[in-house]
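K.L.:
I am attaching a structure below and will ask some questions about it afterwards.
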Amino acid sequence: MNLYNKLKRLIGRALFRYEMVKNGDSVIIALSGGEDSLVLAYFLSDWRKKMRIECKLIGVHLDMGFPKNEREYHEGVKWLEEFCKSLEVDFYFLKTDCGIQAMEVYEKDITAPCFVCSWHRRKYLFRLCQEKGANKLTLGHHLDDAIVTFFMNMFYHGELSTILPVQEMFKGKLYIIRPLILVEKDLISRFVKKMGWNLLENPCPFSQETKRKEVERILNTCIYPLNPKIKRSIATAIFNPNFEYLPIRK
């Protein structure tokens, strides 16, 4: 099975299994310009045609406000807009100060900059969903993200949890959906390389220093090399919890 068909099948399985997209939905796609968000937009547009449903797709790109080469960045945003146009996806651009606020708390050593940046980014996206009348917000989290989040929550928060395929927000007024939840990162990277798409570079100065990156390195260098079946077993375990053999706190 070629890359395109494999990705389409896995994404379709998630869409149908968790009933992510329905007729009449208005969906905002968080479009960073990285590999995950490009694949997300491409296959959502593809499946919308195959499912023959009336579903509005809006690609939203947020300028996070981090220092960067502005000329190269705006050329990348222009390519992103044309990419959306080719998919019949509306495009919306918004400049924010999320990165600036993250850098300020880092310099003052108040709290983790990633937490601040992520919190404000979600805030902007939620507000845009309300302004645009969108009932779904789709994020590019994939299977590797679910595994890393599981271990992060276990290591640092003392709980067994991870990201959800579908997450209800604001008493059902909005749902976060993750159509790539069954897809491994390697498939995404290989497909993007094959397509030759342009990528927007992540200008965040903290992107390689996060706890998430630390857990990723542990898994990739210490755990996965032990046996080629380990990663798939972890993924299966996340989607197949045996509550009968998990003690309940009293």
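Here, each number is a calculation from the coordinates, and none is a lab measurement. Since this is a predicted model, take the numbers as computed values, not measurements. All Cβ positions, glycine included, derive from the backbone under ideal geometry; neighbour counts span all protein chains shown.
K.L.:
Could you work out how far the C-alpha centroid of region 1-19 sits from that of region 73-111, in angstrom?
P.N.:
Region 1-19 and region 73-111 have Cα centres separated by 28 Å.
K.L.:
Let me ask something else about it. Quick one: compute the contact order of the chain, relative version, from alpha carbon pairs under 8 angstrom and 6+ residues apart, as a percent.
P.N.:
On the way: 322 pairs, mean separation 58.9, N = 250.
Reported relative contact order: 24 percent.
K.L.:
So who's got an amide H within less than 5 Å of the one on V27, skipping anything under 5 residues away but keeping other chains? H placed 1.01 Å off N, in plane.
P.N.:
K56, L57, I58
K.L.:
Another question, then. Using the Cα gyration tensor of region 126-250, with a ≥ b ≥ c the square roots of its eigenvalues, what is the shape: rounded (a/c below 1.5), prolate (a/b larger than b/c) or oblate (neither)?
P.N.:
Values: a/c = 1.68, a/b = 1.09, b/c = 1.54.
Because a/c hits 1.5 or more and a/b fails to exceed b/c, region 126-250 counts as oblate.
K.L.:
Over 20 Å between Cα atoms, which of K56/K85; K132/K185; K136/K185; K132/K171; K22/K50; K56/K193 qualify? Write out the running numbers ahead of the final one.
P.N.:
Values: K56/K85 13 Å; K132/K185 30 Å; K136/K185 23 Å; K132/K171 18 Å; K22/K50 13 Å; K56/K193 28 Å.
With Cα atoms farther than 20 Å apart: K132/K185; K136/K185; K56/K193.
K.L.:
Now for a different question. Test of understanding: what is the full-extension gain from E131 to K78, defined as 0.36 nm times their sequence separation minus their Cα-Cα distance?
P.N.:
Numbers: separation 53, 0.36 × 53 = 19.08 nm, distance 2.32 nm.
Net length gain for the segment: 16.8 nm.
K.L.:
Name the shape class, rounded, prolate or oblate, that the alpha-carbon gyration tensor gives for region 17-132, where a ≥ b ≥ c are the square roots of its eigenvalues, rounded holds for a/c under 1.5, and otherwise prolate holds if a/b is larger than b/c and oblate otherwise.
P.N.:
Values: a/c = 2.62, a/b = 1.70, b/c = 1.54.
Prolate.
K.L.:
Quick one: among H141, H74, H61, which has the greatest mean-square fluctuation in a GNM of the chain with alpha-carbon springs under 10 angstrom?
P.N.:
Top of the fluctuation ranking is H74.
K.L.:
Hey, another quick one. For the chain, what proportion of DSSP beta bridges, expressed in % and rounded to the nearest 5, is antiparallel? Don't jump to the answer; show the numbers that get you there.
P.N.:
Details: 4 of 21 bridges.
Beta bridges within the chain, antiparallel portion: roughly 20 percent.
K.L.:
If you don't mind, there's one more thing I want to ask. Residues with amide H under 5 Å of L200's amide H, sequence separation 5 or more or different chain, H placed in the peptide plane at 1.01 Å from N; which?
P.N.:
Here G34 satisfy the definition.
K.L.:
Need one word for region 3-245: rounded, prolate or oblate. Basis is the Cα gyration tensor (sqrt eigenvalues a ≥ b ≥ c); a/c below 1.5 gives rounded, then a/b vs b/c decides. Mind dumping the intermediate values first?
P.N.:
Details: a/c = 1.37, a/b = 1.06, b/c = 1.29.
Rounded, because the longest to shortest axis ratio a/c is under 1.5.
K.L.:
Net charge around I53, counting only other residues with Cβ within less than 13 Å of its Cβ (Lys, Arg = +1; Asp, Glu = -1)?
P.N.:
Numbers: positive: K22, R48, K49, K50, R52, K56, K136; negative: E19, D25, D46, E54.
The answer is +3.
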